[in-house]
Amino acid sequence: MRRAVRRRSSATEELEVIAPSKLAINNVSKSFQSASGKVLALDRVSLNVAEAEFVCLVGASGCGKSTLLNIIAGLEKPDSGEVLADGKPVTAPGRERLVMFQEPALFPWLTVFGNVLFGLNLKPNLSRKDRHDVAKYYLELVGLSRFERANIHELSGGMKQRVSLARALAPNPRVLLMDEPFAALDALTREQLYGDIQEIWKARRKTIVFVTHNVREGACLGDRVLLFSPHPGRIQEEFAVELPRPRDINSVDLAAYATRITKALKRIGQAEAVAAE
Amino acid sequence: MKRLLLAAGFFVVLLLLWDAAFRARIWSPVLLPSPWQVASYLKNAAVDGTLAGATLITMRRLLAGYFIGLVVGLPLGLLTARWKLFRDTIGTMALGLQTLPSVCWVPLALLWFGQTEAAMLFVVVMGTLWSVVIATETGVRNVPPIYRRAALTMGSKRLHMWFKVILPAALPFIVSGMKQGWAFAWRSGHRDHVRDRCHRFAGR
């Protein structure tokens, strides 16, 4: 007699490169109540992101770019307007769109491996072995296989962000949302990660929205760089970065782009963002 | 080694001082027995088994009371952390009752339960319960919001969120509350003994 086989997706299937999402942000507004009154964090922001596109949002702190990222993630709701992921409105967080935060946000009560496994354990139809295989694959991808049994507090800042990246990639999201993930790292570690993230993006084909206040970082990583202005948060200008990949943060061509973007930033009255660099 | 010797020396000196005070006969031997008398009493108690028996009973009372305090306190703490209604009611009550020294419960326990095991258990439970409730609430409310947000994006919800994120994140606070609860249980245990002895001494 033939045994009934329950349909399960295997680790190999799970590791397949899936189609990245298309994002449409339509007229999104959001305001906050602060001590000094109502602050308009986002004012009718519209933006389209193509499948597998790498978009960088650049602007000074407090210009609403992180708020926009949270709204795309579904962690916050807009006052008006909507976010569509592949045509479907985003109403709640979901593992299709995973976030990498500025602070690593890793769970200190789990090991490195346990952290990468966390999102996978919430995915149905996977066997224990598949989950472990997938977690191992991503730890390898970020170059931390040797540290899978390590505790979080034993890791350096750069390693923590690598684990965060592996954790965000493991459930195979269509969109990766990155909120200044490298801002707290030293320059050397950051440069390594610029190379790694470009490689991983190429290998895993994700739609990436990347928030930063670092113009050069934006020019190095993004297909497009969007400039935000604060009070109220708006997208002011857009730059397409047409340089071959992988890009080197220290290349002369990149510096030329960064200079142009910085000039534009100054023009829209954001000198403080540049000063912060 | 040097530290050990120093510590041993300190206690030897203490014993000698005690012995000297006994020999000086300032106080009656009933109020201040010599260290050797106390030692021989302990030795007899150990030999005839009463010491071990009494220790067992004390530990049993303590552990039972502590366990009840934990089992009731943890869920109550979670409730007060999660819902304002519980925070304003049970939380406020816990705060008030925690400040009460557990010796205050002794007369009530005697009135309600009489000279029974239940009375002692009640005093121990009252000593631990409230600090566990408060520690759990504080722990849960101090969980960094970023953990919740990260877990939310990965699809964690409701019970999974509580058991896999919030409880483990709050554990350091909860454990320190449990330690405090243990200290309180221990003290209320002693109180019971003192009370118990006094009653026996006075022929009840």
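The values are calculated or read from the model by the stated rules, or taken from the named source; none is laboratory data. Please read these numbers as outputs of a predicted model, since none were measured by experiment. Cβ atoms come from the backbone with ideal geometry, glycine included; neighbour counts cover every protein chain shown. Heads up: the accessible areas ignore ligands, DNA and RNA and are worked out on the full protein's heavy atoms, side chains in. Shrake-Rupley method; radii C 1.70, N 1.55, O 1.52, S 1.80 Å.
Tell me, which residue of segment A:117-153 that is assigned to a helix (DSSP H, G or I) and acidic (Asp, Glu) is surrounded by the most Cβ atoms within 10 Å (Cβ to Cβ)?
A:ASP130
With respect to the numbered conditions (1) more than 14 Å from chain A (Cβ to nearest Cβ); (2) open to solvent by 10 Å² or more (accessible area, probe 1.4 Å), which one is the sole condition not fulfilled by B:VAL124?
(2)
Out of everything in segment A:204-227 that is under 20 Å from A:LYS22 (Cβ atoms) and assigned to a helix (DSSP H, G or I), what residue ends up being modelled with the highest pLDDT?
Narrowing segment A:204-227 to residues under 20 Å from A:LYS22 (Cβ atoms): A:204-211, A:221-226.
Restricting the remaining residues to those that are assigned to a helix (DSSP H, G or I) gives A:204, A:221.
Details: A:ARG204: 87, A:LEU221: 95.
Per the stated criteria, the residue is A:LEU221.
For a quick check of your reading of the model, give me the residue pairs whose first member lies in segment B:73-102 and is farther than 18 Å from B:ILE174 by Cβ, whose second is of a type in the set (Ser, Thr, Tyr), with beta-carbon atoms closer than 6 Å and at least 6 apart or on different chains.
Hits for this filter: B:SER102/B:SER188.
Among the residues of segment A:180-189, is there at least one that is touching a Phe, Trp or Tyr at 6+ places or on another chain (Cβ under 6 Å) and either assigned to a helix (DSSP H, G or I) or open to solvent by 10 Å² or more (accessible area, probe 1.4 Å) (or both)? Lay out the reasoning, then the answer.
The initial filter retains those residues of segment A:180-189 that are touching a Phe, Trp or Tyr at 6+ places or on another chain (Cβ under 6 Å), namely none.
No.
I need the full set of residues from segment A:36-57 which are small (Gly, Ala, Ser) and part of a strand (DSSP E or B), in order please. Spell out the reasoning first.
So the first thing to find is which residues in segment A:36-57 are small (Gly, Ala, Ser), and the list is A:36-37, A:41, A:46, A:50, A:52.
Of everything in segment A:36-57, those that are small (Gly, Ala, Ser) and part of a strand (DSSP E or B) turn out to be A:GLY37, A:ALA41, A:SER46.
Each row is one residue, and each column tells you yes or no for (1) without any contact (Cβ under 8 Å) to a residue 24 or more places away in the chain; (2) buried (at least 22 other Cβ atoms within 10 Å of the Cβ).
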site: A:ILE200; (1), (2): no, no
site: A:ARG204; (1), (2): no, no
site: A:THR207; (1), (2): no, yes
site: A:GLU217; (1), (2): no, yes
site: A:GLY222; (1), (2): no, yes
site: A:VAL225; (1), (2): no, yes
site: A:ASP253; (1), (2): yes, no
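Looking at (1) within 13 Å of chain B (Cβ to nearest Cβ); (2) crowded, with 22+ Cβ neighbours inside 10 Å; (3) at pLDDT below 90, find the lone condition where A:VAL99 falls short.
The failed condition is (3).
Which ones in segment B:55-71 are among the hydrophobic types (A, V, I, L, M, F, W, C) and in contact with a helix residue (DSSP H, G or I) (Cβ under 8 Å, 6 or more places away or on another chain)? Break it down stepwise before answering.
Residues of segment B:55-71 that are among the hydrophobic types (A, V, I, L, M, F, W, C), as a first pass: B:56-57, B:59, B:62-64, B:67-68, B:70-71.
Within segment B:55-71, B:LEU62, B:ALA64, B:ILE68, B:LEU70 meet the criteria.
Yes or no: segment A:75-88 includes at least one residue that is within 11 Å of chain B (Cβ to nearest Cβ) and surrounded by 15 or more Cβ atoms within 10 Å (Cβ to Cβ).
Yes, the conditions are met somewhere in segment A:75-88.
I need the full set of residues from segment A:93-112 which are aromatic (Phe, Trp, Tyr) and more than 15 Å from B:MET161 (Cα to Cα), in order please.
A:PHE101
Are any residues in segment A:9-66 of a type in the set (Ser, Thr, Tyr) and either under 30 Å from A:ASN121 (Cβ atoms) or open to solvent by 20 Å² or more (accessible area, probe 1.4 Å) (or both), and if so, which ones?
A:SER9, A:SER10, A:THR12, A:SER21, A:SER31, A:SER34, A:SER36, A:SER46, A:SER61, A:SER66, listed by residue number.
Scan segment A:63-74 residue by residue and report those that are under 14 Å from A:ALA41 (Cα atoms), hydrophobic (A, V, I, L, M, F, W, C) and within 14 Å of chain B (Cβ to nearest Cβ).
A:LEU69, A:ILE71
Tally up the residues in segment B:142-166 that are open to solvent by less than 90 Å² (accessible area, probe 1.4 Å), touching a residue at least 12 places away in the same chain (Cβ under 8 Å) and in a helix (DSSP H, G or I), please.
Matching residues across segment B:142-166 total 6.
From the set of residues in segment A:102-116 that are touching a residue at least 40 places away in the same chain (Cβ under 8 Å) and open to solvent by less than 20 Å² (accessible area, probe 1.4 Å), which is nearest to the other protein chains (Cβ to nearest Cβ)?
Filtering first and then ranking leaves A:ALA105.
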